[in-house]
Amino acid sequence: MKTVIYECPFIPAEWIAAHGLRPSRVQPPAAGAILSLGSEDGTCPYARACLAAFFHYPGDAIVYTTTCDQMRRGCEVTIAQTAKPVFVLHVPKTWEQPEASAFYREELLRLSRFLVSLGGHAPSNSKLSEVLLAFDGARRQLVELRSVATARQFSEFIARFNQAGDPGCMVDIRKVFDAAPPAALARKKIPVALFGSPLMSHHYFLFDSLEKLGGRIVLDGTTTGELGLPGLMDRQAIREDPLQCLVNAYFGTIPDAFRRPNDQLYTWFREKGLERGVRGILFRHYVWCDTWHSEAQRLKEWSSWPVVSLETGEETQLTGHTLARLQSLVEMLQ
Amino acid sequence: MSAAPRQISLDEWDDRYRELHASGLVEPAYGGPLRRHFEEGHDLRLRTLRFDNSAASLRLWNLLLTEEDRLRECRRQGRKLVGTMKDLGTVPVMAYAFPNLTAFYPDGAWWIPCVMEFSDGLLRIADSLGIDDSFCPVRAMLGAFLTEAHFPRPDLLVCSVGATCDDFSCIAQRLNGLGFPILWWEIPHRRPAESGEADFLMPGGMTLPMAQVGLVKSELARIQSAMEELAGERLAETMLAAGIRRANRVRRCLEELRRRVFMADQSPLPALELLIAEMMAIHFCSDQEQAAQALEELLVQVRARVESGQGFGSSSAARIYWVNPVSDLRVMNLLEDCGARLCGTDNMFCHALDLIPENLPPLDALAGMALMDPMVGSAAERAGRICQEMQAWRCEGLVISRIPGASHCAWEGQIIADLVHDRLDLPVVELEVPPVADAFQSSLRSRLEALVETIISRRTL
């Protein structure tokens, strides 16, 4: 079975799977010196990491989106340097008009033609419904783990689910959890929300570092975490119009920072933050990531919770700078 | 009134202005000596620039440097102001089709820190809002909105997003978060029509997917409705068609101006004035009729110089194609100091220089033009056009000017440079130009001189 790799949370895994292909959402490690990808000056480390991962990750085709300008343009570097088929899906940044959602739906249909060209089969409504139900069921199981797993486990399970692109992976995820259940959830530690740019695959040390200092992440507000999860689907709606259901679950609910306007991001964050009893925010963005960087000051002005912001690059372990920022957050909240 | 073409300083313009007046110069209402912009407008950068000494260029500069006054006068007269952001050239055509709307680009604030040599404080305001120097200098726009010292608050703000640079989209979102309502409209990433897909043929042969044209058309219709509400009248198709014809008057003039400047043996217009002239295409410097007249006068001057064999610099100057506008205007002078001349430009708004089809339904034509924006397509497509123009205008080298912090500059330079190397085998230099580049002058100079030396030495091969 051919594997289609992508990074953006607005690519529905179900859609690829329904075509008989394997979807795999990449969470990249740092590009480092793996590959020369133009000047590092001005280039977002996460965008570089994605490009590097697309070269090295086992996959038969690559799907880019337009949600990030550096990624949209980085796609051209990929096209020039790989023989793999590459597809660019335009995810509208506007969302208030029905035309935007309709255009996203049309883009999914265009993606379908690309998937067929790879050897996939355009799904019937009943086939698509079946796949949607399977993914939605698995995603519900995944979300349920949040209340019993550690914050790090839960975020890593999300990444694992996205990468596997198969609802059956919940069996493995459950096994991993059962084999190493958290001894005791750190209930007494200070609840903190992580918010901002997506995490690279080696960035989960942040969770442990914060716990050692007396805090714990109760909300992973990154698109590699909970922020990037599509909305749960209505079973009746799945049967009636599965493609529209997919559009609504992804385009209709993921409140990413790139959207215009992006007030939904703050609505989502307030709702989740209150629900989880958040007391402070660790806001993290990559250097040269305009989309998240520009939210840092706005978040501070908007939030009634204290915010510590952390600018990060390609570091693969805890740096003195990061440690100092985490310490200051916890001390502020104690 | 005419004198031999010469680049003169601000001080020299005092005498030249008196001379022109003595010989009967008649100026429009916004005319006057250049010095007043330095003394009253604090446009400090003017003292470091060298200007074309023609009356036509004086008019062009005066039109440019009086835009803030003009916008305030429009507000005083009760005209409605439309702040059009990012699309660079399309939405103003629609706005100027209404008799009582004036459109301008708040984006233009990106030159204020340069022109005022940071005395404006706009970048400090952007810093305080969390938009620091890792963003494109267009962040100056935030300060301009908050201080209202450079333009009045528009009655309607529209901003294109989608396949645009993240810097601008984020700065506009920050503005929106500060309480400035914005009508966002979507411009999709341009792609070729796929096999079996309905397409839309643009003049020049490019085909666009009908689905994309349809989306942009519906977005422009939404903007049209907002403008109709603001203007208090419906925009009939005939009015929009007339607006397109007026925009094309400016574009035709620029087309001939550029061709004559790029193809002449000796450059009949300095690089700096050419850049200013091109900028007129995007929103007519807030006065469509005056912009057209100023450009027509400049064209007459250029034709006369070409016919009399007069110009600037040497006829052996290295012929350079320049990509992306410089945030420091002085670098245009520097290019010529290094023994080069401009023979082609892509200042990110080539689509605003191309003629808008007059044989199509007006809204279709505008939608197609919006999609022809070089920044919404791939850098490879942009490079393709650059290569064509470099060949047509016999360019010998390419300068890619990186805009500090701009998201599109992360990758595009490498892609464009590789394609120009592969297709034309011509030398390329990529350099970064900050809003005031004095501290980098020597390194910029050595890189440009090295490019010129390379070009000259290749001529003998």
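The values are calculated or read from the model by the stated rules, or taken from the named source; none is laboratory data. Since the structure is predicted, the reported quantities are computational estimates derived from the model, not experimental observations. Note that we place each Cβ from the backbone using ideal geometry, even for glycine, and neighbour counts take in every protein chain shown. What goes into the accessible areas is simple: the full protein's heavy atoms, side chains included, and nothing from ligands, DNA or RNA. Shrake-Rupley method; radii C 1.70, N 1.55, O 1.52, S 1.80 Å.
Remarks
- Relative contact order (%) - criterion: Cα under 8 Å, at least six apart; region: chain A: 20 percent
- The residue among A:His203, A:Pro191, A:Ala237 whose Cα reaches farthest toward the positive pole of the charge dipole of the range A:167-250, with charges on the beta-carbon of Lys, Arg, Asp and Glu, is A:Pro191.
- The alpha-carbon atoms of the range A:182-333 define a convex hull whose volume equals 137 cubic angstrom per residue.
- Surface/4 of the Cα convex hull for the range B:240-459, nm²: 12.2 nm²
- Rounded percent of accessible protein surface that carbon and sulfur make up, chain A, 1.4 Å probe: 52 percent
- Across the range A:4-20, computed HN-Hα scalar couplings (Karplus, 6.51 cos²θ - 1.76 cosθ + 1.60, θ = phi - 60°) run 10, 9, 7, 10, 6, x, 8, 8, x, 4, 4, 5, 5, 4, 5, 8, x Hz from first to last residue, x flagging Gly and Pro.
- What you get for the range A:194-242, charging only the Cβ of Lys and Arg (+1) and of Asp and Glu (-1), is a dipole of about 140 debye around the Cα centre.
- In the range A:79-157, GluC sites (Glu not before Pro) in a DSSP loop with at most 15 other beta-carbon atoms within 10 Å: A:Glu96
- Chain B - convex hull of alpha carbons, volume per residue in Å³: 139 Å³
- The phi torsions of the range B:400-411, fed into the Karplus equation with coefficients 6.51, -1.76 and 1.60 and a -60° offset, translate into couplings of 9, 9, 6, 9, x, x, 6, 4, 6, 7, 4, 10 Hz, rounded to whole numbers, with Gly and Pro shown as x.
- Net charge of the neighbourhood of B:Gln224, taken over other residues with C-beta under 12 Å away and scored Lys/Arg +1, Asp/Glu -1, is -2.
- For chain A, the spread of Cα positions along the three principal axes, ordered from largest to smallest, is 56, 47, 43 Å.
- Solvent-accessible area per residue for chain B (1.4 angstrom probe, square angstrom): 34 Å²
- Counted charge near A:Leu243, where neighbours are those whose Cβ lies closer than 15 Å (Asp, Glu -1; Lys, Arg +1): -3
- For the range B:443-454, Karplus couplings with θ = phi - 60° (6.51, -1.76, 1.60), whole Hz, Gly/Pro x: 6, 4, 4, 5, 6, 5, 5, 5, 5, 5, 4, 4
- Interface burial in the range A:261-301 reaches 20 Å² or more for A:Pro261, A:Trp288, A:Asp290, A:Thr291, A:His293, A:Ser294, A:Gln297, A:Arg298, A:Glu301, comparing the full protein assembly with the chain by itself; accessible area from heavy atoms with a 1.4 Å probe.
- Taking the square roots of five times each eigenvalue of the Cα gyration tensor of the protein assembly as shown, the equivalent ellipsoid has semi-axes of 49, 28, 26 Å, listed largest first.
- The range A:138-156 versus the range B:364-424: alpha-carbon centroid distance in Å: 46 Å
- Distance in nm between pseudo-label sites at B:Glu12 and A:Leu232 (7 Å out along the Cβ direction from Cα): 7.6 nm
- Along its first, second and third principal axes, ordered by size, the range B:324-390 spans 47, 22, 19 Å in Cα coordinates.
- Restricting the trypsin sites (Lys or Arg not before Pro) of the range A:82-190 to loop positions (DSSP other than H, G, I, E, B) with no more than 10 neighbouring Cβ atoms within 10 Å leaves A:Arg187, A:Lys188.
- Calculated on the alpha-carbon coordinates, the convex hull of the range A:66-122 measures out at 67 cubic angstrom per residue.
- Summarising the amide proton neighbourhood of A:Ile190: residues at separation of 5 or more, or on other chains, whose placed amide H is nearer than 5 Å comprise A:Gly215, A:Arg216.
- Dipole in debye (nearest 20) - the protein assembly as shown, about Cα centre, beta carbon charges: Lys, Arg +1; Asp, Glu -1: 1340 debye
- Whole-percent P(r), the range B:77-125, all Cα pairs, 10 Å bins from 0: 25, 37, 29, 9.
- In the range A:3-123, taking the dipole from charged Cβ atoms about the Cα centre, the farthest positive-side position among A:Ala52, A:His19, A:Ala102 is held by A:His19.
- Loop-located GluC sites (Glu not before Pro) in the range B:33-83, at most 16 other Cβ atoms within 10 Å (DSSP): B:Glu40
- Computed over the range A:27-149, Kirkwood Rh from alpha-carbon pairs, angstrom: 17.1 Å
- Debye, to nearest 20: dipole size of the range A:182-333, +1 on Lys, Arg Cβ, -1 on Asp, Glu Cβ: 520 debye
- Global size of the range B:71-212: 17.4, 57 Å for Rg and Dmax (C-alpha atoms, Rg to one decimal, Dmax whole).
- The contact between chain A and chain B removes approximately 3700 Å² from the accessible area (both sides summed; 1.4 Å probe; ligands, DNA and RNA excluded).
- Within the straight-line cut-off of under 30 Å between alpha carbons, the lysines reachable from A:Lys175 are A:Lys2, A:Lys127, A:Lys188, A:Lys189, A:Lys212, A:Lys272, sequence neighbours fewer than 8 places apart in one chain being disregarded.
- The orientation-averaged shadow of the Cα convex hull for the range B:193-249, equal to a quarter of the hull surface, comes to 4.9 nm².
- Tail beyond 23 Å, pair distance distribution of the range B:1-132 (Cα, percent): 46 percent
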